[in-house]
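Here's the structure, in structure tokens; my notes come after.
The values are calculated or read from the model by the stated rules, or taken from the named source; none is laboratory data. For clarity, every value in this text was computed on a predicted model and none was experimentally measured. Here the Cβ positions follow ideal geometry from the backbone for every residue, glycine too, while neighbour counts run over all protein chains shown.
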Amino acid sequence: MAYKSVIEILDAIKKKDISSSELTRYYLNQIKEKDTDLNCFISVTEEAAISKAQEIDNEISKGVIKPLSTTNSTKRYFLYERCKNFMWI
């Protein structure tokens, strides 16, 4: 998933090849593995990210898939609502 486009990721979610929760855990693991070398993140809201991903999975199970619900809008929610300091990536 690391090198897939947003469109490819959303398509995989629609096809149920991956869930939002699985995708979130994948990226959280990538952060854990690589951030000690890269030092890119001031804070990571792991529990909140997993909780939001589960909410999105529940919506998807009801047939509701919002544009970018698993990507940029989720990132924006955590950056503005949960973190005091952030770097826009």
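What to note about this one:
Yes or no, residue by residue, for (1) surrounded by 15 or more Cβ atoms within 10 Å (Cβ to Cβ); (2) modelled with pLDDT under 85:
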{"residue": "D37", "(1), (2)": "no, no"}
{"residue": "C40", "(1), (2)": "no, yes"}
{"residue": "E46", "(1), (2)": "no, no"}
{"residue": "A53", "(1), (2)": "yes, no"}
{"residue": "S61", "(1), (2)": "no, no"}
{"residue": "P67", "(1), (2)": "no, yes"}
{"residue": "T71", "(1), (2)": "yes, yes"}
{"residue": "F78", "(1), (2)": "yes, yes"}
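- Subset tally (residues that are of a type in the set (S, T, N, Q) and part of a helix (DSSP H, G or I)) for the range 1-21: 2
- Qualifying residue in the range 22-37 (condition: hydrophobic (A, V, I, L, M, F, W, C) and in a loop (DSSP other than H, G, I, E, B)): no
- Counting the residues of the range 6-31 that are surrounded by fewer than 12 Cβ atoms within 10 Å (Cβ to Cβ) and more than 19 Å from I60 (Cβ to Cβ) gives 1.
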